[in-house]
């Protein structure tokens, strides 16, 4: 299953390159050094990048990744150095089982019912399943299913793209619409520095541009209702967290403030900025810290355990770092909206 294996059309008047589906190719496939790096036409690596068809194989995106003894994804040189940034290292196993099921809703649902943590699995390219929905017309139809299973709608891959950026780059209008309806922010730039509309314009993705225009620039009022934290090396933060109003201050947070001699209400207002947070039955909590732009997962005592960068409306499923001497690995996280 090769992603986007389509014939190439050339608009000779401007020497712009287009795929058969009308998407503009944003690189010159015949540039100097391209054949040396990726192979001549018809002789490219099936696991890698085909610059002539503007398609990628599992070594680049959606493939299996190496893990260390703790089960953590190994980060290093990416396949073919297609993306020079460090990222998940390809293990050579082709597409992941989840990636393979994205074109079949029934198969995907059965798989995620059996392996719920894989809804936000990390594949090559840093892609999560919602990103991989943005790689083909058939895959895009599974956005709503993945969101219902706890997918991260604003996850950022190693190219800095969110799932909405991926839909824009491949002119997948139905997938883009489903993401916007699920609460994806059309203005969020991820790590790419571009909005989805900018990506769509660069790719001549007219269908997605029409969807974005009809939606407008305001994010749909769909908010996170609960977060499930499972596995990982810290049992005290595992469990289900429910949305809680900012008027209630976490007990552990207050205890830390008292211990440090800080004004509890003032400190909470400065850090949380009046936003909803998430509380577990044992008092562990998750909140967005406006001062550092990170989501914190804190133990019932108020001690920080994990933190990760993410937009205020979307706690991330991946990218968490361990705070202090707490045990690895980081947990799997599912985010449910309503």
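Computed from the coordinates by the stated procedures, all read-outs in this text should not be read as laboratory data. In this text, all values refer to a predicted model and were calculated from it rather than measured experimentally. Positions of Cβ are backbone-derived with ideal geometry, glycine not excepted, and every protein chain shown enters the neighbour counts.
Details
- Listed from fewest to most Cβ neighbours within 10 Å, the set 253, 336 follows the order 336, 253.
- For the chain, built as a Gaussian network whose Cα springs stay under 10 Å, the top-fluctuating residue of 240, 36, 114: 36
- For the chain, built as a Gaussian network whose Cα springs stay under 10 Å, the top-fluctuating residue of 142, 238, 260: 260
- Protection proxy ranking, peptides 199-211, 270-282, average beta carbon neighbours within 10 Å, highest first: 199-211, 270-282
- Largest to smallest principal axis extent of the C-alpha atoms in segment 266-337, angstrom: 32, 26, 25
- Modelled FRET efficiency - R0 22 Å, residue 72 with residue 114, Cβ distances, 0.05 increments: 0.45
- Residues 34, 167 arranged by fewest to most Cβ contacts within 10 Å: 34, 167
- Highest-first packing order for the peptide set 223-230, 24-31 is 223-230, 24-31, based on the mean count of other beta carbon atoms within 10 Å.
- Two-site FRET efficiency, residue 246 against residue 144, from Cβ-Cβ distance with R₀ of 22 Å, rounded to 0.05: 0.15
- Fluctuation leader among 44, 309, 96 - the chain, Gaussian network, Cα springs under 10 angstrom: 44
- Over the chain: helical MRE at 222 nm, DSSP H runs n ≥ 4 each giving -39500 (n - 2.57), nearest 500: -6500 deg cm²/dmol
- Summary value for segment 140-222: 32 percent relative contact order, contacts being C-alpha pairs under 8 angstrom separated by 6+ residues.
- Residues 332, 247, 169, 91, ranked from the fewest to the most other C-beta atoms within 10 Å, line up as 247, 91, 332, 169.
- The mean sequence separation of alpha-carbon pairs under 8 Å and at least six residues apart, normalised by the residue count of segment 224-337, gives a relative contact order of 31 percent.
- For the chain: relative contact order, % (alpha-carbon pairs under 8 angstrom, 6 or more apart): 13
- For volume of the Cα convex hull per residue in Å³, the candidate list reads (1) 246; (2) 136; (3) 149; the entry that matches the value derived from this model is (2).
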